[in-house]
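Visitor: Sharing a structure, written as structure tokens. Questions coming.
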Amino acid sequence: MAILNVLDWLITLLGFCVVAYQAAYVLVSFFAKPEAFPDAPMDKRYAVLISARNESAVIGNLIGDLQSQSYPHDLLDIWIVADNCTDNTADIARSMGCNVVERFNQEQIGKGYALSYLLDNMADQGRASQYDAFFVFDADNRLDHHYVEEMNKAFQSGFKVLTSYRNSVNLNENWVSSGTALWFLRESRFVNSSRMVIGSSCHVAGTGFMFSREIMERNNGWKFHLLTEDMEFTMDCVLHGDRIGYCGSAILYDEQPTSFRQSWRQRVRWSKGYLQVFRYYGAAMIRHGIQERDFSSLDLTLLVCPFMVLTALRLALGALFAALGFVSWSSQLGAVSGWGMGVVVSMLTMMLLAAMTVIAERDKIRASNKELFAYCLSFPIFALSYVVISFQAIFAKPEWKPIVHKG
């Protein structure tokens, strides 16, 4: 049937495009010199926005890192939205000199709504307009001593939106935490760094990013509330012609889930969020990419492209047509067998990517060589679990749920 051939061709073409440009990014990363930003005066005023829900175990660590930055303390204000907290997160933040806004709303759940509430509150106080830009962190983050200083250099070089290098505090805890940690390290080293070299736009990944007052005023605060509000924000920026920059010298440490169940739940939410973003922004991004000849639009559209939806549709139609006698079962089993070989190749590729990430970033990874060897072997299992996760996300209705952090 022609429709099956078209779907086979489309899935193959999209898959080839993803592999091709990701491979190109790896080559660029190894052979091109990362972009460095010139020194800049430390005279801009920044607000740090932190959404925290029952984060009393870790919030003090991040506040301490912010208050001990090499950047002038009097130009860095910390704003925390204690979002539906039932612990003493708000009291800890107040005792450490932070601006605290408490929010209690069980209907609108999620980080996007919390950030909207916080920025609206700051605007009502007449405080939002006094800042040059805004940082966004998660409560469990830790920061290098020069983080803000380095981001300030990139900001003053002309970028309105910036993301940073994302490392992890617990990569070596188990194979689950290492899987997510290596995934983000790979994005920093082989994706965002290469995008900077070729002049493409990077993407924001949840935490460790900043945006200018101009962006905040254009959006009238924070207007992004999908399950992956970070990718929604990224798409909106690209459609407005903003190039998102990457500052590899600004290092953030994130705490990754150590329970496979928590990791699974988190990634189902991410996958569902990507489907939402593609639904609302996909057509506009493709149109923008073609009309403006903007590679960033096509690159980021491929990032959220619903491959699993296309694959599920192809399998369902193949089974239906075979049952009706339009095609043979053997031809459909042959197609599935071919995809099985693709899975094997993908596992080997994932293992190679993990190994290259470890080799390239070895001096920044807190783990023994023995642990890293084991995590490279387990990384394909972690990565390929996305196949099932992506399928589940098609039908799931995930809700935002907090992840318990240890600190």
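Visitor: Filter the range 354-373 down to residues that are without any contact (Cβ under 8 Å) to a residue 60 or more places away in the chain and either of a type in the set (D, E, K, R) or more than 21 Å from E187 (Cα to Cα) (or both) and give me whichever is surrounded by the most Cβ atoms within 10 Å (Cβ to Cβ).
Guide: Only one residue tops the list, namely R362.
Visitor: Then there is this: Of everything in the range 232-268, what is touching a helix residue (DSSP H, G or I) at 6+ places or on another chain (Cβ under 8 Å), basic (K, R) and open to solvent by 30 Å² or more (accessible area, probe 1.4 Å)? Give them in sequence order.
Guide: R243
Residue-wise test of (1) at pLDDT below 95; (2) among the basic types (K, R); (3) touching a strand residue (DSSP E or B) at 6+ places or on another chain (Cβ under 8 Å).
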| site | (1), (2), (3) |
| --- | --- |
| I215 | no, no, yes |
| W222 | no, no, no |
| T228 | yes, no, no |
| T234 | no, no, no |
| V238 | no, no, no |
| G241 | yes, no, no |
| I251 | no, no, yes |
| E255 | yes, no, yes |
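Visitor: If I ask for residues that are at pLDDT 75 or above and open to solvent by less than 40 Å² (accessible area, probe 1.4 Å), which ones from the range 320-333 would you list?
Guide: Hits for the range 320-333 are A322, V327.
Visitor: Restrict the check to the range 40-57 and report whether at least one residue is surrounded by fewer than 16 Cβ atoms within 10 Å (Cβ to Cβ), assigned to a loop (DSSP other than H, G, I, E, B), of a type in the set (K, R) and modelled with pLDDT of 95 or more.
Guide: Yes, the conditions are met somewhere in the range 40-57.
Visitor: Just checking, which of M341, M351, M285, M347 is open to solvent by less than 60 Å² (accessible area, probe 1.4 Å) and on the phi < 0 side of the Ramachandran plot? Can you show your working first?
Guide: Numbers: M341 fails: open to solvent by less than 60 Å² (accessible area, probe 1.4 Å); M351 fails: open to solvent by less than 60 Å² (accessible area, probe 1.4 Å); M347 fails: open to solvent by less than 60 Å² (accessible area, probe 1.4 Å).
Result: M285 is the single residue among M341, M351, M285, M347 that is open to solvent by less than 60 Å² (accessible area, probe 1.4 Å) and on the phi < 0 side of the Ramachandran plot.
Visitor: Looking at the range 148-188, which of the residues that are in contact with a strand residue (DSSP E or B) (Cβ under 7 Å, 6 or more places away or on another chain) and either β-branched (V, I, T) or at pLDDT below 90 (or both) is nearest to S70 (Cα to Cα)?
Guide: V148
Visitor: Do we have V18 as open to solvent by 20 Å² or more (accessible area, probe 1.4 Å), hydrophobic (A, V, I, L, M, F, W, C) and in contact with a Leu (Cβ under 6 Å, 6 or more places away or on another chain) here?
Guide: So V18 passes the test.
Visitor: Among (1) modelled with pLDDT of 95 or more; (2) open to solvent by 10 Å² or more (accessible area, probe 1.4 Å), there is one condition S129 misses while meeting the rest; what is its number?
Guide: Failing condition for S129: (1).
Visitor: Between a first residue in the range 323-338 that is within 17 Å of I11 (Cβ to Cβ) and without any contact (Cβ under 8 Å) to a residue 60 or more places away in the chain and a second residue that is part of a helix (DSSP H, G or I) and open to solvent by 70 Å² or more (accessible area, probe 1.4 Å), which pairs have beta carbons less than 9 Å apart while being 6 or more apart in sequence or on different chains?
Guide: Once the first residue is within 17 Å of I11 (Cβ to Cβ) and without any contact (Cβ under 8 Å) to a residue 60 or more places away in the chain and sits in the range 323-338, its partners that are part of a helix (DSSP H, G or I) and open to solvent by 70 Å² or more (accessible area, probe 1.4 Å) give Q332/L315; V336/L315.
Visitor: Please go through the range 214-231 and give me each residue that is in contact (Cβ under 8 Å) with a residue 60 or more places away in the chain, open to solvent by less than 40 Å² (accessible area, probe 1.4 Å) and assigned to a helix (DSSP H, G or I), ordered by number. So that I can check it myself, show each step before the final result.
Guide: Here is the first cut: in the range 214-231, the residues in contact (Cβ under 8 Å) with a residue 60 or more places away in the chain are 216-217, 221-227, 229, 231.
Add one more test, that the residue is open to solvent by less than 40 Å² (accessible area, probe 1.4 Å), and what stays is 216, 221-222, 224, 226-227, 229, 231.
Those that are in contact (Cβ under 8 Å) with a residue 60 or more places away in the chain, open to solvent by less than 40 Å² (accessible area, probe 1.4 Å) and assigned to a helix (DSSP H, G or I): M216, E229, M231.
Visitor: A further question follows. Count, please, the residues in the range 60-71 that happen to be touching a helix residue (DSSP H, G or I) at 6+ places or on another chain (Cβ under 9 Å) and either at pLDDT below 95 or not aliphatic (A, V, I, L, M) (or both).
Guide: Kept after step one, since they are touching a helix residue (DSSP H, G or I) at 6+ places or on another chain (Cβ under 9 Å), are these residues of the range 60-71: 60, 63, 65-67, 69-71.
Imposing the further condition that a residue be either at pLDDT below 95 or not aliphatic (A, V, I, L, M) (or both) reduces the set to 60, 65, 67, 69-71.
Residues in the range 60-71 being touching a helix residue (DSSP H, G or I) at 6+ places or on another chain (Cβ under 9 Å) and either at pLDDT below 95 or not aliphatic (A, V, I, L, M) (or both): 6 in total.
Visitor: Can I198 be described as under 22 Å from L303 (Cα atoms) and surrounded by fewer than 22 Cβ atoms within 10 Å (Cβ to Cβ)? Give the steps one after another, and end with the answer.
Guide: Numbers: under 22 Å from L303 (Cα atoms): yes; surrounded by fewer than 22 Cβ atoms within 10 Å (Cβ to Cβ): yes.
Yes, satisfied.
Visitor: Of all residues in the range 139-168, how many are over 19 Å from K364 (Cβ atoms), open to solvent by less than 40 Å² (accessible area, probe 1.4 Å) and either acidic (D, E) or assigned to a loop (DSSP other than H, G, I, E, B) (or both)?
Guide: The number of residues fulfilling the criteria is 2.
Visitor: How many residues does the range 169-193 contain that are of a type in the set (V, I, T), outside any helix (DSSP H, G or I) and open to solvent by less than 10 Å² (accessible area, probe 1.4 Å)?
Guide: Here the count works out to 0.
Visitor: Moving on. State which residue is nearest to L7 (Cα to Cα) when the search covers only the range 288-308 and only residues that are open to solvent by 60 Å² or more (accessible area, probe 1.4 Å) and among the aliphatic types (A, V, I, L, M).
Guide: L298
Visitor: Also: Considering every residue within the range 28-40, establish whether at least one is without any contact (Cβ under 8 Å) to a residue 60 or more places away in the chain and under 25 Å from D74 (Cβ atoms).
Guide: No; the residues of the range 28-40 include none that is without any contact (Cβ under 8 Å) to a residue 60 or more places away in the chain and under 25 Å from D74 (Cβ atoms).
Visitor: Restricting to the range 58-105, count the residues that are hydroxyl-bearing (S, T, Y) and open to solvent by less than 30 Å² (accessible area, probe 1.4 Å). Lay out the reasoning, then the answer.
Guide: First pass over the range 58-105, keeping only residues hydroxyl-bearing (S, T, Y): 68, 70-71, 86, 89, 95.
So of that shortlist, the ones also open to solvent by less than 30 Å² (accessible area, probe 1.4 Å) come out as 71, 89.
Summing the residues that are hydroxyl-bearing (S, T, Y) and open to solvent by less than 30 Å² (accessible area, probe 1.4 Å) in the range 58-105 gives 2.
The values are calculated or read from the model by the stated rules, or taken from the named source; none is laboratory data. Keep in mind the model is a prediction, meaning the values are calculated, not measured. Cβ sites come from the backbone with ideal geometry, for glycine too, and all protein chains shown count toward neighbours. The protein model used for the area step is the full one, side chains on, heavy atoms only, and it has no ligands, DNA or RNA in it. Shrake-Rupley method; radii C 1.70, N 1.55, O 1.52, S 1.80 Å.
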